[in-house]
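Just below is one structure, and these are the notes that go with it.
The values are calculated or read from the model by the stated rules, or taken from the named source; none is laboratory data. These numbers come from a predicted model, not from an experiment. Methodologically, a virtual Cβ is constructed for each residue, glycine included, from the backbone with ideal geometry; neighbour enumeration extends over all protein chains shown. Remember, those area values only see protein heavy atoms, side chains included, never the ligands or the DNA or RNA. Shrake-Rupley method; radii C 1.70, N 1.55, O 1.52, S 1.80 Å.
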Amino acid sequence: MMGKLKRPFYFPMTLSPRVLKTVINLWPPFLGAGIRIEHIDPRWASVDVALRLGRLNRNYVGVHFGGSLYAMTDPFFMLILIQRLGRDYIVWDRAGRIDYLKPGRGTVRARFSISDAQLDDIRARTASGDKYLPELGVDVLDASGEVVARVVKTLYIRRKDKGAAA
């Protein structure tokens, strides 16, 4: 049997936005790709992320590599929900898709946000212990505000069983 899942890069859920911002900005995959968290709301309501175009993240034709555009959007809805829902919930990324709408040049940005109304909806849909698979979207914008890529993430959210060890 496999036993308990080991977490080689696990942090307690009580990290402050400032500490998490620093840790993620120094994380080698994001650092190498040029991905930076610019701001995390103190209530964890939103996260602003930027990706600068550099020699290490441009594709064959000189614009943003699609993998870097997707990577800049990958963990943030999950992180926001983990922080806002707390220890009584399991939150995982389940799926994601990206539509590339125009070439990304220069620095591109994305803002991830979860409203109080969305949180209330999630709590209501998971109150009985059922899983919920919301689809959350974010646009990646260039400096002029035009949409470079549109990303939709499907998350798995469920209340933890109070009787089971998590």
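Given R₀ = 22 Å, what would the calculated FRET efficiency be for Glu135 paired with Arg111, taking r from the Cβ atoms and rounding to 0.05?
With a Förster radius of 22 Å, E is 0.80.
Per DSSP H run of n ≥ 4, the term is -39500 (n - 2.57); total these for the chain, divide by its residue number, and report the mean residue ellipticity at 222 nm rounded to 500 deg cm²/dmol. Please report the intermediate quantities before stating the final value.
Working: 5 runs with 43 residues, N = 166.
When only DSSP H runs of four or more count, the value is -7000 deg cm²/dmol.
What percent antiparallel are the DSSP beta bridges of the chain, to the nearest 5?
Of the beta bridges lying entirely in the chain, close to 100 percent run antiparallel.
Roughly speaking, to the nearest percent, how much of the chain's 1.4 Å accessible area is carbon and sulfur?
Details: 5550 of 9930 Å².
About 56 percent, which is the carbon plus sulfur part of the accessible surface.
In what sequence, highest mean first, do 19-29, 64-74 appear when ranked by Cβ atoms within 10 angstrom?
64-74, 19-29
Over the stretch 9-111, average the accessible area per residue using a 1.4 Å probe and give it in Å², no decimals.
Values: 5760 Å² over 103 residues.
That works out to 56 Å² per residue.
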